[in-house]
């Protein structure tokens, strides 16, 4: 079929070109740190430990090992090259456009309606969030396996009609392939749990497996079809249980702040809003804030629209079955993310429409084709008008998508746009503040954090980030109050405990700081920072032995962390307590730090010289410290130069250096102001 191949090629090429601007985009602050930029396991690439982690972790409140493996593979091949990560998403999305066209063509045997539906799916601006956001790899990857599963199932169902002429092995292979792809899809994103429901819809139309010999639906045929779906339903049930376990802590929101009546109202409005944004895609945002209440008139209008469309689809099911299938596809696939079980703080999300809107796209394409063919003046005899209308619609989608892509350039642009097109968007204000702070625009960032607190006083992270910046600006009393408010709102969040501890340490309250470090370590057992900073706090109190124990725990969690390596090496080499010192270990750690830093950081070289001197390797200590002096001089660090010159005199005299860390404000001092 040359025309089909041409359509496949056109879909792939246009999609690739359309999304090519993402090669200039960076990672964003929202989810990308959890998934890529601050995820040490993912950054380590594909290895035995990372593969095991992918299948055993509930990190980011999800169990999706195939998604983790794909990110690990990206880091193995490309490191942290944002362009490469984004382009892999684009390739998967392009493949999905081709797969969807091939699936619809096989299902409906209509070339141009299938091509139009696939183009609408691929080029609509609602797809931008799923494709241009590196962390949403799970969307395009699960979509890939979803479409493969549907394609294999359709082949199985169509060949089953020819059962006498086709071997059982061939039939079962397509069925098993569909099951395998479904399992892989669930391990990419559990939203695919509704796939068995979609298979039943396809059985109804266009496969017509419910129809009897007179082509009318017969419920007697439903039983075998349901039995056929039992393995798929079992996988869905297992995925639901795992997802609830993974999200029961941080992600799932309790009924107290958002009662079921509010969730139901928001769900109705979200269904209607997604349709509205499909028809007229304006004011698209990475975050839509979840309202605490909605106007009764808005909820009633949304409910009336949904009831009306449902009635229309049902009444025309015999003459226009595609309307019923498209509508139920849309409604059914959105159920897991529509908010009846609220996950996160968003009212809706563009990414949730990635697969659900395939149903309405197909229904619209078939209905438009049928209408044009039955009205001669509209294209029945001359298809020019229909082709022009379809081309105009797709071209409009492409233009809108190109425009929407510009907002995903970086975090500041993304969240500034979200703040502009939504109201009281605390999450967007918070992230905009972080982006501004990272650019050194502190006053603007402070204003955005205060706006976030006003928009949602219960958002603990907004109080935490406001406190961080106030602390940086030496407004420590206000910062202390904000940290305590963050912990009141979210007592099990490790980061406010960690940040509060650093501030208490700064104010000289070592005892309470140690208690806060301990809390942070308990709440985040895989985070090395509480142990690192707790160890430094113990050093200030003159308790070197327990400090070293904490630093060793930090090193176990992050064996290649430059700061931890250098800090522990310095203490083992230079502490005044002989029982604490370990010259062999200090040399090994400092040499590893030098290797990781490229051998051009004065503080690391200074530490290595201390370790050499402690091991009585004074010639190496002198040469290493001389290199440290040269690099410090090039950097213009006069304070460090003076101290290192004093140590050089010691090494020339054959005397190792000793340091008293208690009450010291050396470069070991911590700052843990994470966002």
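The values are calculated or read from the model by the stated rules, or taken from the named source; none is laboratory data. These numbers were taken from a predicted model, which means no experiment stands behind them. All Cβ positions, even for glycine, are placed from backbone atoms using ideal geometry, and neighbour counts span all protein chains on display.
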Scan the stretch 188-198 and give yes if some residue there is in contact (Cβ under 8 Å) with a residue 40 or more places away in the chain, closer than 19 Å to residue 245 by Cβ and not in a helix (DSSP H, G or I), otherwise no.
-> yes
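The rows are residues; the columns are (1) more than 30 Å from residue 49 (Cα to Cα); (2) crowded, with 19+ Cβ neighbours inside 10 Å; (3) at pLDDT below 95; (4) in contact with a strand residue (DSSP E or B) (Cβ under 7 Å, 6 or more places away or on another chain).
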residue: 510; (1), (2), (3), (4): yes, no, yes, no
residue: 518; (1), (2), (3), (4): no, no, yes, no
residue: 551; (1), (2), (3), (4): no, yes, no, no
residue: 555; (1), (2), (3), (4): no, yes, no, no
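Only one residue in 391, 396, 344 is surrounded by fewer than 18 Cβ atoms within 10 Å (Cβ to Cβ), out of contact with any strand residue (DSSP E or B) (no Cβ under 7 Å at 6 or more places or on another chain) and in contact (Cβ under 8 Å) with a residue 40 or more places away in the chain. Which one? Break it down stepwise before answering.
Numbers: 391 fails: in contact (Cβ under 8 Å) with a residue 40 or more places away in the chain; 396 fails: in contact (Cβ under 8 Å) with a residue 40 or more places away in the chain.
Step by step, each of 391, 396, 344 is checked, and only 344 is surrounded by fewer than 18 Cβ atoms within 10 Å (Cβ to Cβ), out of contact with any strand residue (DSSP E or B) (no Cβ under 7 Å at 6 or more places or on another chain) and in contact (Cβ under 8 Å) with a residue 40 or more places away in the chain.
Which one of these is more than 13 Å from residue 656 (Cβ to Cβ) and surrounded by fewer than 16 Cβ atoms within 10 Å (Cβ to Cβ): 623, 540?
623
Residue-wise test of (1) farther than 21 Å from residue 554 by Cβ; (2) assigned to a helix (DSSP H, G or I); (3) not assigned by TED's automatic domain parsing to the domain that holds residue 568.
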position	(1), (2), (3)
448	yes, yes, yes
508	yes, no, yes
517	no, yes, yes
536	no, yes, no
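Residue 2: free of Cβ contacts under 8 Å to residues at least 40 places away in the same chain and over 16 Å from the mean Cα position of the chain (by Cα), yes or no?
Yes; evaluated as a whole, the condition is true for this residue.
Quick check on the stretch 659-669. Is at least one of its residues more than 30 Å from residue 510 (Cα to Cα) and buried (at least 18 other Cβ atoms within 10 Å of the Cβ)?
No, there is no match, as no residue in the stretch 659-669 is more than 30 Å from residue 510 (Cα to Cα) and buried (at least 18 other Cβ atoms within 10 Å of the Cβ).
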Boolean, residue 546 is assigned by TED's automatic domain parsing to the domain that holds residue 610, without any contact (Cβ under 8 Å) to a residue 40 or more places away in the chain and not in a helix (DSSP H, G or I) = no
Taking only the stretch 399-432 into account, find how many residues are in a helix (DSSP H, G or I), more than 21 Å from residue 23 (Cα to Cα) and in contact (Cβ under 8 Å) with a residue 40 or more places away in the chain.
-> 6
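If you go through the stretch 315-361, how many residues are assigned to a helix (DSSP H, G or I) and under 25 Å from the mean Cα position of the chain (by Cα)?
Taking the stretch 315-361 as the starting set, the residues that turn out to be assigned to a helix (DSSP H, G or I) are 315, 321-337, 350-353, 358-361.
With under 25 Å from the mean Cα position of the chain (by Cα) added as a condition, the list becomes 330-337, 350-353, 358.
Looking only at that region, the number is 13.
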Checklist (1) closer than 23 Å to residue 428 by Cα; (2) out of contact with any helix residue (DSSP H, G or I) (no Cβ under 6 Å at 6 or more places or on another chain) applied to residue 234, failing item = (1)
Note down all Cβ pairs under 8 Å where the first residue falls in the stretch 504-523 and is farther than 18 Å from residue 543 by Cα, the second is modelled with pLDDT of 90 or more and not in a helix (DSSP H, G or I), and they're at least six residues apart or on different chains.
-> 520/527; 521/527; 523/492; 523/493
